Structures are given as structure tokens and as C-alpha cells.
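The structure appears right after this line, and notes come after that.
Please treat every number below as a calculation from the coordinates, not as lab data. Just so it is clear, the structure is predicted and the values come from calculations on it, not from any experiment. Cβ sites come from the backbone with ideal geometry, for glycine too, and all protein chains shown count toward neighbours.
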Amino acid sequence: MVEEKQWYQSKTIWGALLAVGASFVSTLGISIDSSAQSDLADAMIQLIGALGAIMAIYGRLSASEVIS
């Protein structure tokens, strides 16, 4: 059985959300240069990946049934 990914499991979605957030911040008059924007996006995607891994470990440790 193939498990479908949820929308929040895609790095592409998170990257797009970060781009939208950066665009929104620039409309408020706060300037972020492109290299800092790229570094921030990379750091946020890595943080989101780490949080996903932590959630997976927690889910595995708190599981009450074996997945067959």
C-alpha cells in the first residue's frame, strides 16, 4: 500500500510559503537581500525537516500498535 503524503510533508510547499512570507515582509518596507533570503529559506526548511523527524520519532515511541 502506498501512503499519500500530506501537504505539510513537502519541502516545496514550505519553500513556497517562505517565499510568500518574504514577499509579504518586503511589502511592509523591510528589506532582505537575496543571499540572506536564500540562507533564511534553507535554515527554515532544515528546521521544518528536523521538527518532522522529531514528530516521527515521538509518534513511533508513543504508538500502541505495530504497523503491518
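The number of residues in segment 5-36 being part of a helix (DSSP H, G or I) and over 19 Å from the mean Cα position of the chain (by Cα) comes to 4.
The residues of segment 35-68 that are under 19 Å from Ala19 (Cβ atoms) and exposed (fewer than 10 other Cβ atoms within 10 Å of the Cβ) amount to a single one, Ser35. Pairs linking a residue in segment 13-31 that is without any contact (Cβ under 8 Å) to a residue 12 or more places away in the chain to a residue that is outside any helix (DSSP H, G or I), with Cβ atoms under 7 Å and 6 or more positions apart or on different chains, are Val25/Ile32; Ser26/Ile32.
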